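Have a look at the structure below, then the notes.
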């Protein structure tokens, strides 16, 4: 019996097809997980705005998958919530049905976290065992998995801060929690974009530097936005463009706490002022990037992305102003947080594409066994 082999002329085509199949599958998987992280950030914003984040007072990674299933279980869960300061200070008139409302926001947030873990880990194991990942991609995806695991612990660390001596979670821990989620989201998008087969653009060093600066500014703004949310700082100084009657509150208001460093995380005036200033900075950077890319690379993909990014940042700034003037209604707060993730995704895609230079996907992102 003789062995049948493919003609040598067909072998490269078969290999290329195999690479394309795995690359496409992995990109779809990563973008899907990124969409779940996006949803989790929005639901997390809802738990914060509805004061639901402390409604589940225990961390049960396995048993917590299911909500209470009968009346007795609901009553027991409600009794545990009644023991924390938030209930006595904010929800002392809450009945069982009202408790179920805030409980389900927090339960949905935690369930999404578990779903994301499964949606990432299971395909990772499949592609790993299939031999579809190079060592470089294994390291990147393992780092994302580690970020997700750390995020689970940080989430409980955040909740724990509001169970004994406070009526809300510590705003610093909330900011770290959101920053980790944003890093995970951006990493997923970065890796997925790197697997694109689009032709690499010729870019200048200063363009890549600009993209990096904008991405860093976006992360900083998200972190500061979480501080604003944690301190309810969006519910004071509800005027724009003035703040406390001027461009900035007086110095004795901005620096009223001692030691001075506390003002940057604990002072509602300073925290909101910081958020405004970084918003103006990001908007200016978006304008400069768009105008310079159009001037030096007219008609290029970089110019089109920079223009789109500028328009989205303008829209996000407008949403921020509306949210402030309306004293943070739920719909506006959630829309503002969702668009922050849109801004982050565009900044990550822009920098990744700018950074590719003359790299090619075939140089080691994927392999097929």
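Collect the residues in the stretch 52-75 that are farther than 17 Å from residue 155 by Cβ and surrounded by 12 or more Cβ atoms within 10 Å (Cβ to Cβ), keeping them in residue-number order.
Scanning the stretch 52-75 gives 67, 68, 73, 74, 75.
Which number in (1) surrounded by fewer than 17 Cβ atoms within 10 Å (Cβ to Cβ); (2) at pLDDT 95 or above; (3) within 17 Å of the chain's Cα centre (by Cα) marks the one condition that residue 153 misses?
Among (1) surrounded by fewer than 17 Cβ atoms within 10 Å (Cβ to Cβ); (2) at pLDDT 95 or above; (3) within 17 Å of the chain's Cα centre (by Cα), residue 153 violates only (2).
If residue 37 meets every condition in (1) closer than 29 Å to residue 141 by Cα; (2) more than 24 Å from the chain's Cα centre (by Cα) apart from one, which number is that one?
(2)
Go through 273, 185, 287, 264 for me and flag whichever is assigned by TED's automatic domain parsing to the domain that holds residue 147 and either assigned to a helix (DSSP H, G or I) or modelled with pLDDT of 95 or more (or both).
Going through 273, 185, 287, 264 in turn, the sole match is 185.
Determine whether the stretch 231-250 contains at least one residue that is within 29 Å of residue 29 (Cα to Cα) and in contact with a strand residue (DSSP E or B) (Cβ under 9 Å, 6 or more places away or on another chain).
no
Report, ordered by the first and then the second residue, all pairs with beta carbons closer than 8 Å, sequence separation of six or more or different chains, a first member in the stretch 36-65 that is outside the structural domain of residue 166 (by TED's automatic domain parsing) and in a helix (DSSP H, G or I), and a second member that is modelled with pLDDT of 90 or more and surrounded by fewer than 21 Cβ atoms within 10 Å (Cβ to Cβ).
none
Determine which single condition residue 273 fails, assuming it passes every other condition in (1) buried (at least 17 other Cβ atoms within 10 Å of the Cβ); (2) out of contact with any strand residue (DSSP E or B) (no Cβ under 9 Å at 6 or more places or on another chain).
Of everything listed in (1) buried (at least 17 other Cβ atoms within 10 Å of the Cβ); (2) out of contact with any strand residue (DSSP E or B) (no Cβ under 9 Å at 6 or more places or on another chain), residue 273 misses just condition (2).
Give the residues of the stretch 288-316 that are crowded, with 18+ Cβ neighbours inside 10 Å and under 17 Å from residue 217 (Cβ atoms), sorted by residue number.
289, 290, 293, 305, 306, 309, 310, 313, 316
Would you say residue 94 is surrounded by 13 or more Cβ atoms within 10 Å (Cβ to Cβ), touching a residue at least 12 places away in the same chain (Cβ under 8 Å) and within 17 Å of residue 47 (Cα to Cα)?
Here the answer is no, as residue 94 does not meet what is asked.
The values are calculated or read from the model by the stated rules, or taken from the named source; none is laboratory data. None of the values given here were measured: they were computed from a predicted structure. Glycine also receives a Cβ, built like all others from the backbone with ideal geometry; neighbour counts cover every protein chain displayed.
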